[in-house]
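Everything on this sheet refers to the single structure shown next.
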Amino acid sequence: MAQLLVRDLDAKLVERLKKQAKLHGVSTEEEHRMILRNALLREEDRKLTLIEHLLSGQVAVESEAELVLERSKNVESREIDL
């Protein structure tokens with residue numbers, strides 16, 4: 001297996017990595033591997049969820065507005081008794 005050495009990381013970033021690893025019950029090294037694997041394989045092997053796609057910045061603001069407007073046209077309005 002190959003090895004990767006990452007230098008000059010911000011101490012706060014390393015601390016967050018350690019905390020996240022602890023939450024997942026794995027070593028810091030394994031957490032680092034999982035983050036890299038998920039980030040790189042996501043791009044190649046799976047499609048983004050709608051939320052990930054919208055948050056990625058790949059969708060123009062106009063498209064998001066059109067999506068909301070189109071949905072509102074298709075939804076029937078009805079009164080609800082409270």
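The values are calculated or read from the model by the stated rules, or taken from the named source; none is laboratory data. Model, not experiment: these values are computed from the prediction. Cβ: placed from backbone, ideal geometry, glycine included. Neighbour counts: every protein chain shown. Calculation scope for accessible area: heavy atoms of the full protein, side chains included, ligands and nucleic acids excluded. Shrake-Rupley method; radii C 1.70, N 1.55, O 1.52, S 1.80 Å.
Annotation note: of Val14, Val26, the sole residue that is assigned to a loop (DSSP other than H, G, I, E, B) and either modelled with pLDDT of 85 or more or of a type in the set (Asp, Glu) (or both) is Val26. A search for C-beta distances below 6 Å between a residue of region 9-36 that is among the hydroxyl-bearing types (Ser, Thr, Tyr) and any residue that is open to solvent by 60 Å² or more (accessible area, probe 1.4 Å), counting only pairs 6+ apart in sequence or on different chains, returns Thr28/Lys18.
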